[in-house]
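Chemist: Handing you this structure, nothing more for now.
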Amino acid sequence: MKYLQDIGSYFLMLGTVFSHPTKGSVLRDLIYKEIDELVINSLGIVAFISFFVGGVVAIQTALNIDNPIIPDYLVGFATRQSIILEFAPTFISIIMAGKMGSFITSSIGSMRVTEQIDALEVMGINSLNYLVFPKIIALLFYPFVIAIAMFLGIVGGWVAGVYGGYSTSEAFIRGLQNDFITFHVIYAFIKTFVFAFILATVPSWQGFYMKGGALEVGKASTTAFVWTSVLIILTNFILTSLLLG
Amino acid sequence: MIRVEDIHKSFGKDHILKGISTVFDQGKTNMIIGESGSGKTVFLKCLLDLFEPEEGRIYFQDRALQDMDEDEKRNLRKDMGMVFQGGALFDSLNIEENVMFPLRMFTKKKKDEMLDRVNEVLSRVNLENVNKKFPAEISGGMKKRVSIARAIVNNPKYLFCDEPNSGLDPRTAILIDNLIHEITIEYNMTTVINSHDMNSVMEIGEKIIFLQDGEIAWEGDKTQIFKTDNKSITDFVYSSDLFKKIRDIQLKEG
């Protein structure tokens, strides 16, 4: 019963987020701030993880190929497919559920605890629009983060493959170009947009409706991470079945 | 002026407000006092429309809150200023931006005009050279003053304060009380203060409502409070020996 109430409350929240908009000039500044905090500030960790995971994917693929009939370009091919189809859109999003999600929940939760949300309401401001809408708009830029993750993951695979002596540059690049299906990239970005919406709204919901003090802010951040991850995994399954199945 | 008629508010089976009726006059500091759990905060939040009473009506001038549509309520809220117990300043904004916030939201003033007004109200609450500091960098008393500055920057008709001097040293608490009192007269606002600090009550209580168990147990002003024989309020006010002695002196002096 509680889950049904929570689902209802989440969708009611979404309705309020898109009603009674905040003044345009204020909203514009909030969107810039959110782009900086959520998107730009995530680039460093995303670049680091993508580069090294790309390298690991290339090395593991190469080490598991010992059959001479398997073509030498498979390392590049497997790296590209793993990074574009799953690693960049899905696993980076789960990592972002921890980074961005806990940031969103704790910042909104702290505002709830310190009556800052009440202050907005008393002033006649739609606090959900003020707090959540700029995050949704800012995360429309999230696919750029994922594009960078795709690029750096493949670069990481190439560096590890070539300089580790597991593949030649020519074979790796041939693998990247072999059997390239444009729709796979489109599929990855469709997923990314959906994940971005989940990343912006689920942690916001957790933070906005939390009750209690500082301890509960921490608990809400953990719960937000769990639910955001679960929803990303479930949505990933559904979208993959629909788009590729 | 705010007129309250027979408001009731419950949470589940807990009947918190049990038919409160009163009038808060314009240009006066109206105080709601009472023990913890007496319903003061719930009453204040009903006045602020953060809680909706099940029964009763709250009139702002002659217009009932319950008859207003969402747009009217939003316009009414632009005429309200609120000083929260902890200040409720926005952590991500500096002091200047915090005070400027209502102006940015609700006026079409240019940046220079807004800045002039911000400096004017900050100076009115005796705060200077703090514009670029963040809330975490100033003291509790300064936060309360910034909160008052933010509440009055847009010339509100109604000022609400929730425990405005809690957590402050006695000297700063008196300064804050006097500041609110002076501003109330200066801006001719209807000010409602929720407090359990008897020093505040004696200092600036022009109208005092004593809440007990969700009902008004006594109503009067700071001079009448010493003379009343109402047991509920005498038990509350004279729980301190100091106030007992003051009362004895007042009664002897007639």
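Laboratory data are not the source of any read-out in this text; all were calculated from the coordinates shown. Please read all numbers here as calculations on a predicted model, not as lab measurements. When we count neighbours, we look across all protein chains shown, and the Cβ atoms used for this are built from the backbone with ideal geometry, even at glycine.
Chemist: Over the whole of B:84-91, what's the average partner chain Cβ count within 10 Å per residue? Rounded to a whole number, please.
Modeler: Partner Cβ neighbours, averaged per residue: 5.
Chemist: Now for a separate question. First check a/c for chain A, with a ≥ b ≥ c the square roots of the eigenvalues of its C-alpha gyration tensor; if it is under 1.5, answer rounded, and if not, answer prolate when a/b is larger than b/c or oblate otherwise.
Modeler: Taking the square roots of the gyration eigenvalues as a ≥ b ≥ c, chain A is prolate.
Chemist: Under 5 Å between amide hydrogens, which residues at least 5 positions from B:ALA217 or on another chain qualify, with H placed 1.01 Å from N in the peptide plane?
Modeler: B:PHE210, B:LEU211, B:GLN212
Chemist: What is the distance in Å between the Cα centroid of region A:114-188 and that of region B:2-40?
Modeler: 53 Å
Chemist: In nm, to one decimal, how far is the modelled label at B:GLU128 from the one at B:VAL23, with both set 7 Å along Cα→Cβ?
Modeler: 4.3 nm
Chemist: Something else: How big is the dipole moment of the protein assembly as shown about its Cα centre under a simple scheme where the beta carbon of each Lys and Arg is +1, that of each Asp and Glu is -1, and everything else is neutral? Debye, nearest 20, please.
Modeler: Using only the charged Cβ atoms, the result is roughly 600 debye.
Chemist: Take every residue in peptide A:194-202, count the Cβ atoms of other chains within 10 Å of its Cβ, and give the average of those counts.
Modeler: If you average over the peptide's residues, the count of other-chain Cβ atoms is 0.
Chemist: Run the dipole for region A:23-243 about the Cα centre, Lys and Arg Cβ at +1, Asp and Glu Cβ at -1, nothing else charged, and hand back the magnitude in debye, nearest 20.
Modeler: 260 debye
Chemist: Now, a different point. For a paramagnetic label modelled at 7 Å from the Cα of A:ASP36 toward its Cβ, which residues of region A:79-111 fall within the zone defined by backbone nitrogen distances under 12 Å?
Modeler: none
Chemist: Once the other residues with Cβ under 13 Å from the Cβ of B:ASP14 are scored (Lys, Arg +1; Asp, Glu -1), what is the net sum?
Modeler: So the environment of B:ASP14 carries a net charge of +1.
Chemist: Which part of region B:145-167 falls in the paramagnetic zone of B:ARG104, meaning amide N under 19 Å from the point 7 Å along Cα-to-beta-carbon?
Modeler: Within reach of a label on B:ARG104: B:146-155.
Chemist: Here's a follow-up. From other protein chains only, count the Cβ atoms within 10 Å of every residue's Cβ in B:106-113, then give the mean.
Modeler: Counting Cβ atoms of other protein chains within 10 Å of each residue's Cβ and averaging gives 1.
Chemist: Okay, moving on. Checking the a/c ratio against 1.5 first, then a/b against b/c, what shape does the Cα gyration tensor give for region A:168-214?
Modeler: Taking the square roots of the gyration eigenvalues as a ≥ b ≥ c, region A:168-214 is oblate.
Chemist: Beyond a 29 Å Cα-Cα separation, which of these cross-linked pairs lie in this structure: B:LYS78/B:LYS110; B:LYS45/B:LYS222; B:LYS73/B:LYS227; B:LYS9/B:LYS227; B:LYS73/B:LYS111?
Modeler: B:LYS73/B:LYS227; B:LYS9/B:LYS227
Chemist: Mean Kyte-Doolittle of at least 1.6 and a Cα length of 18 Å or more along the axis: which whole DSSP H helices of chain A meet both?
Modeler: Span-like helices here: A:43-63, A:142-163.
Chemist: Using the 10 angstrom Cβ neighbour count as an exposure proxy, how do A:VAL230, A:VAL46, B:VAL83 rank, fewest first?
Modeler: A:VAL230, A:VAL46, B:VAL83
Chemist: Give the residue from B:SER232, A:ILE59, B:ILE204 lying farthest towards the positive end of the charge dipole for the protein assembly as shown; charges sit on Cβ (+1 for Lys and Arg, -1 for Asp and Glu) and the dipole is referred to the Cα centre.
Modeler: The one lying farthest along the dipole's positive direction is A:ILE59.
Chemist: Next question. Going by the alpha-carbon gyration tensor, a ≥ b ≥ c the square roots of its eigenvalues, is chain B rounded (a/c under 1.5) or, if a/c is not under 1.5, prolate (a/b greater than b/c) versus oblate?
Modeler: oblate
Chemist: Neighbour counts of other C-beta atoms within 10 Å: give me B:SER92, A:SER204, A:SER106 arranged from fewest to most.
Modeler: The fewest-first ordering by Cβ neighbours comes to B:SER92, A:SER106, A:SER204.
Chemist: What spacing in nm lies between the two simple spin-label points modelled at A:ASP6 and B:SER92, each 7 Å away from Cα in the Cβ direction?
Modeler: It works out to 2.5 nm between the two label points.
Chemist: Pairs of lysines 8 or more apart, or on different chains, with alpha carbons under 26 Å: count those in region A:23-243, would you?
Modeler: Counting lysine pairs in region A:23-243 gives 14.
Chemist: Let me ask something additional. If you rank A:TRP205, B:TRP218 by fewest surrounding Cβ atoms within 10 Å, what's the result?
Modeler: The order, fewest Cβ neighbours first, is B:TRP218, A:TRP205.
Chemist: Please identify every one of the GluC sites (Glu not before Pro) in region B:1-93 that sits in a loop by DSSP and has no more than 11 other beta carbons within 10 Å of its own beta carbon.
Modeler: Qualifying residues, ordered by number: B:GLU54.
Chemist: Just the number, please: percent antiparallel of the DSSP beta bridges in region B:132-254, rounded to the nearest 5.
Modeler: For region B:132-254, the DSSP antiparallel bridge percentage is about 50.
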